[in-house]
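Down below is the structure, laid out as structure tokens.
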Amino acid sequence: MELQTDFLVVGGGIAGLSLAVKLARLGKVTVLSKKKADVSASELAQGGIACVAAPDDSFDLHFQDTLRAGDGLCHEDIVDIVVRQASDRVRELEEWGVRFTKSGDGCFDLGQEGGHSRRRVVHAGDFTGREIQKALINLVRDNPAISLLQDHVAVDVITRCRIRGACSEPYALRRGARDRPAEKCMGMYVLDVASGDVKSIIARVTILATGGAGKVYLYTSNPDVSTGDGIAIAYRAGARVANLEFVQFHPTCLFHHKAKNFLISEALRGEGARLIDASGRVFMDTYDPDRKDLACRDVVARAIDAELKKSGAESVFLDITHRSPEFVKDRFPNIYETCLGFGIDITREPIPVVPAAHYMCGGVVTDRYGQTDIRGLFAIGETACTGLHGANRLASNSLLEGLVMAHQAYERIRAEWDDLRAEKMIPAQPWDAGGAVDMDEAVLISHNWDVIRRLMWDYVGIVRNDRRLALAGRRIRPILEEINRHYWDYTLTRDFLELRNLSMVADLIVRQASQRKESRGGHFNMDWPQKDDWNWRRDSLLCRDNVQT
Ligand code: SIN
């Protein structure tokens, strides 16, 4: 089955949906959501949106804080764009119906988070993501120019290559197709989970907004859908990816055997919560005497990791019991209620916490408009590497980046729209499943999934070394080969596609982490503990056909 649309947005988080709302002013938009529309990492975001709004704040301070967290790798032009657009994007959200928490005088109640020198986090209680997603999903559902396809999983881009100056047939990474970089993206093969059919969706512009890849790790704050699909798809099509070794571990996820991925927002530390060990000793003063509990995330995550290794304990604790119960319940209603559901009253007792994989600072290389190396293919939000985050993301810069880069992409597409819509849309070859049969043993998928996630946690986690990185690479590659060998033998399922993408992203993380012979931001290698600006103050780049550093 073939569908045609002007714009295909893959992913239903804040970046994808805010872009869809804008693109609907130009033409017909199709949005793919891998599960239901309300399942995304944006939905789970608690903290908020970093935005200069306080009288004692300035663009320059936000700019400098972002650079400091990014540890030498931020692209200053991108930081400047993002920081300066924050208030316009926040205002736009308010116009779309998002209600942020305000103080009595009608000003934003600005939160404080690690790495920020001022209070600048605009938030909606401690469920900012949910509030924004609710407004965006309503706008998308009410807009006749937007079709939302839920339970649809992107498989691979449909591309058109140029051979010796002439246009070839539409091409994708299909059985028998030659493996070479793509030139123009023409849409996407997409699995409809309910019917099991693979549709071809032809689009003038395709946007990857699939979020991150936290599920590569055993412990993560991310939802199950965060399997790095956009990164793997773009890489397979020949686009460059960058800086995937910079995985951000959030220092404080709830440690409870029944809690799967519940984050304890950094905003608690912004309101005075302190990290303590089982005996009640505060420990961040030792690791960062200036910023203490509000040090950048990489520093806090490594400190907790060191404390856990030293003591052999299963968790450390976050203590906010010195604040009044009324304040805690009012400011953190979601965290309060959720913890209470697990039997923890955070107004009376410290919260057991551990670090968990939270955010990919790297991703698909784009320019300042979200354009990837492949014409017609954009990447925005966590999927992309714009250079904003450098080696470590400043807290609450991620929803902001999603909104700003969606806007940037919209501006670029709008400027080129007359040319884009004049291009003829060429039908794709229908998906050819060949002799593929149903996989009757789900254990083939779940086993490899578990192996990869455990391996990444143990060998490619918060603190790495050369030996473990080499071992990880040696163990992941046979799994990748096995998946590729069987790719055409079985009919596609969501789980199989996710495993294929997840294993590819795991391999890319290991390769980029092994390449970087220094420690910087979210990448810490015990064998190379120093920062080496002379050799390594640069992005790590990988592309399917050759390695560039
Ligand atoms: C948090 O609330 O701690 C998470 C916010 C973020 O990841 O920026």
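Couple of notes before you dig in:
- A helix-only calculation puts the chain at -11500 deg cm²/dmol for mean residue ellipticity at 222 nm, using -39500 (n - 2.57) for each DSSP H run of at least four residues, averaged over all residues.
- Net charge contributed by nearby residues that have their C-beta within less than 14 Å of Glu2 (K/R +1, D/E -1): -2
- The value of relative contact order for the range 334-409, using C-alpha pairs under 8 Å at least six residues apart, is 26 percent.
- Estimated from the Cβ-Cβ distance and a Förster radius of 22 angstrom, the FRET efficiency linking Ile426 and Met1 is about 0.85.
- Three principal axis extents describe the C-alpha atoms of the range 1-100; from largest down they are 54, 32, 28 Å.
- Length released on extending from Ala306 to Ser58, taking residue separation times 0.36 nm less the Cα-Cα span: 85.8 nm
- Percentage relative contact order, the chain, counting C-alpha pairs under 8 Å, at least six apart: 21
- Taking the DSSP beta bridges with both ends in the chain, the antiparallel portion is around 65 percent.
- Take the Cα radius of gyration of the range 16-170 and divide it by 2.2 N^0.38 Å, N being the number of residues; the result is 1.29.
- Gyration tensor (alpha-carbon) shape descriptor, the range 409-549, a/c threshold 1.5: oblate
- Value of D in µm² per second that Stokes-Einstein yields for the range 66-106, Kirkwood Rh from Cα pairs, at 10 °C (1.306 mPa s): 128
- Peptides 289-297, 184-192, 392-400 ordered by average Cβ neighbours within 10 Å, highest first: 392-400, 184-192, 289-297
- Most to least packed among 473-479, 6-12, 40-46 [average Cβ atoms within 10 Å]: 6-12, 40-46, 473-479
- Between the residues Met425, Gly72, Thr321, the greatest Cα displacement towards the positive end of the dipole of the chain, with unit charges on the Cβ of Lys, Arg, Asp and Glu, is found for Met425.
- Distance (nanometres) between label positions extended 7 Å along Cα→Cβ at Gln530 and Ser446: 4.9
- In whole percents, the pair-distance distribution calculated for the range 380-457 from its alpha-carbon pairs, binned every 10 Å from zero, is 13, 19, 23, 27, 18, 0.
- Residue-span extension gain [Asn138 to Ser103] - 0.36 nm each, minus C-alpha spacing: 10.0 nm
- Segment Asp88-His486, length gained on full extension (0.36 nm per residue, minus Cα span): 138.4 nm
- Note: relative contact order over the range 41-96, using C-alpha pairs below 8 Å and six or more positions apart, is 40 percent.
- Taking the convex hull of the alpha carbon positions in the range 203-318 and averaging its projected area over all directions gives 9.7 nm².
- Packing order of peptides 245-254, 491-500, 446-455, 424-433, highest average first: 245-254, 491-500, 446-455, 424-433 (average count of other Cβ atoms within 10 Å over each peptide's residues).
- Taken over the range 467-531, the alpha-carbon convex hull comes to 76 cubic angstrom per residue.
- Per residue convex hull volume, Cα atoms of the range 338-481, in Å³: 234
- Rounded to the nearest 20, the size of the Cβ-charge dipole of the range 348-449 about its Cα centre is 460 debye, with Lys and Arg at +1 and Asp and Glu at -1.
- Here the residues Thr286, Thr30, Thr383, ranked from fewest to most Cβ neighbours within 10 Å of their Cβ, fall in the order Thr286, Thr30, Thr383.
- Calculated FRET efficiency, Ser117 to Glu411, Cβ-Cβ distance, R0 = 35 Å: about 0.70 to the nearest 0.05.
- Crossing angle, helix 443-459 versus the chain [Cα axis fit, 0-90 degrees, rounded to tens]: 50
- For the range 198-270, a Kirkwood radius taken over Cα pairs fed into Stokes-Einstein (20 °C, viscosity 1.002 mPa s) yields D = 145 µm²/s.
- For the range 314-395, a Kirkwood hydrodynamic radius built from all Cα pairs, placed in the Stokes-Einstein relation at 4 °C and 1.567 mPa s, yields a translational diffusion coefficient of 82 µm²/s.
- For the range 113-163, the orientation-averaged shadow of the C-alpha convex hull comes to 8.3 nm² (one quarter of the hull surface).
- Where N is the number of residues in the chain, Cα Rg divided by 2.2 N^0.38 Å: 0.93
- Basic side chains Lys and Arg get +1 at the Cβ, acidic Asp and Glu get -1 at the Cβ, and with that the dipole of the chain about its Cα centre reaches some 940 debye.
Laboratory data are not the source of any read-out in this text; all were calculated from the coordinates shown. Because the structure is predicted, anything quoted here is derived from the model rather than measured. Glycine gets a Cβ as well: all are built from the backbone with ideal geometry, and neighbour counts include every protein chain shown.
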